[in-house]
Amino acid sequence: MNDAKDERRPAGELEAAVMAALWAAAAPLTPGQVQTELAADLARTTVTTILSRLYDKGVVDRRPQGRGYAYHPVQDAQGLTARRMHTELDRDTDRETVLARFVAQLNPDDEQLLRQLLEADEG
């Protein structure tokens, strides 16, 4: 398959698929191994580009293997979600308002869970 078709898929969707393959793996994967795990019509160059972008973002790390690299996630899925939340929070200068609106929009179960986590952290 050619790269032009690959690029029509949203980058976030491709990154999520690559990350899912890396999280499921028991060891670091090369771009070719990721391509095989995805079982999708993605060119290896596309997979390599996605992995390089994830590496540049600090989401994955890599080690030399053969003539290229093998990649592994830096954090689990939940850690990555928490990191994204921090990144979004850091983009706004009014942290208090952002946090207040975040808490106001939580469903009651999530609000209760957050309260429990904050109270446990105080003890």
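A few remarks follow.
- Residue-wise HN-Hα couplings along region 104-116, as the Karplus relation 6.51 cos²θ - 1.76 cosθ + 1.60 with θ = phi - 60° gives them from phi, are 5, 8, 6, 6, x, 5, 5, 5, 5, 4, 4, 4, 4 Hz; Gly and Pro carry x.
- Helix 44-56 axis, angle to the chain major axis (alpha carbon atoms, nearest 10°): 40 degrees
- Under-5 Å amide H pairs with GLN65, H placed in peptide plane, nonlocal only: ALA70
- Accessible area per residue, Å², region 82-123 with all protein chains present, probe 1.4 Å: 94 Å²
- Kirkwood analysis of the chain, using all unique Cα-Cα pairs, places the hydrodynamic radius at 16.8 Å.
- Counting 0.36 nm for each residue step from TRP23 to ARG101 and taking away their Cα separation leaves a gain of 24.9 nm.
- Separation of region 18-85 from region 86-123 is 30 Å, based on Cα centroids.
- Stretching the chain fully between TYR55 and GLN75 yields a gain of 6.0 nm (0.36 nm per residue, less the alpha carbon separation).
- Within the accessible surface of the chain, defined with a 1.4 Å probe on protein heavy atoms only, the carbon and sulfur portion equals 50 percent.
- Contact order for the chain, expressed relative to its length and based on alpha carbon pairs under 8 Å spaced 6+ residues apart, stands at 21 percent.
The values are calculated or read from the model by the stated rules, or taken from the named source; none is laboratory data. Everything quoted here is computed from the prediction, not taken from an experiment. Ligands, DNA and RNA are stripped out before the accessible areas are found, and what is left, the full protein with its side chains, is counted by its heavy atoms. Shrake-Rupley method; radii C 1.70, N 1.55, O 1.52, S 1.80 Å.
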